[in-house]
Amino acid sequence: MAQYFAVKPYLRHHPGHQVVARFEPAKESFTVGEELKVKMTIRNVGTNAVSFRRGEHRETFRQYSFLVSKDGKSVAGRTDLMGGGGFELYGHIPPGGEFVDEVDLKYWYDLRMGGNYSVRGFYYLLLLQGGQCVWTDVVSDGFEIEITKR
């Protein structure tokens, strides 16, 4: 089709970034009603710096995603998330460096029932070069938490 219309396609290539992500809860056991802090660490294990766009405030809800299950069954997420808006910030990770962020899982899920949960966190990376998006990717990791009733 491109050849027929004499359009030269723009072929994208992975920028070669190499990162490792880890999601970990602030602690292994929480009490119903307390903050469910989760720390995400992206480590640059490659030889090139990694630059990316990151959201702030309400935009965070778009950049993070979580899947939660209990007893092998999916747990429904909250439907009242406020997305959009917020500031546009940029992250930069030099070779060997890390980007660390923390969010509260209670904004995505209502886990007042207590019990043991399996959680998988996702972070949407919009990779930049020269201020332009050159690639989009997702990093992910999983963990277990326990929530006890008071």
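Quick note: the coordinates plus some simple rules give every number you see, no bench work behind them. All values derive from a computational prediction rather than experimental measurement. Positions of Cβ are generated from backbone atoms using ideal geometry, with glycine treated the same way; all protein chains shown enter the neighbour counts.
Quick rundown of the values:
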item: Given the chain, longest segment not containing exposed loop chymotrypsin sites (Phe, Trp or Tyr not before Pro) (DSSP; at most 16 other Cβ within 10 Å); result: 11-86
item: Rounded to whole Hz, the Karplus (6.51, -1.76, 1.60) HN-Hα couplings of the range 92-107, x for glycine and proline; result: 9, 10, x, x, x, x, 9, 10, 10, 9, 9, 9, 9, 4, 5, 6
item: Cα pair distances exceeding 27 angstrom across the range 19-148, given as percent; result: 22 percent
item: Theoretical ellipticity at 222 nm over the chain - DSSP helices of four or more residues, -39500 (n - 2.57) apiece, nearest 500; result: -500 deg cm²/dmol
item: Reachable lysines, given that their alpha-carbon falls under 26 Å from the alpha-carbon of Lys27 and they are not under 8 places away in the same chain; result: Lys37, Lys39, Lys70, Lys73, Lys106, Lys149
item: 5 angstrom amide H check on Val134, placed H, neighbours 5+ away; result: Leu127, Leu128, Gln129
item: Calculated from backbone phi, Karplus (6.51, -1.76, 1.60) coupling profile of the range 130-146 in Hz, x at Gly/Pro; result: x, x, 10, 5, 10, 6, 10, 8, 10, 10, 8, 7, x, 7, 10, 9, 10
item: Between the range 91-150 and the range 1-38, the alpha-carbon center distance in angstrom; result: 9 Å
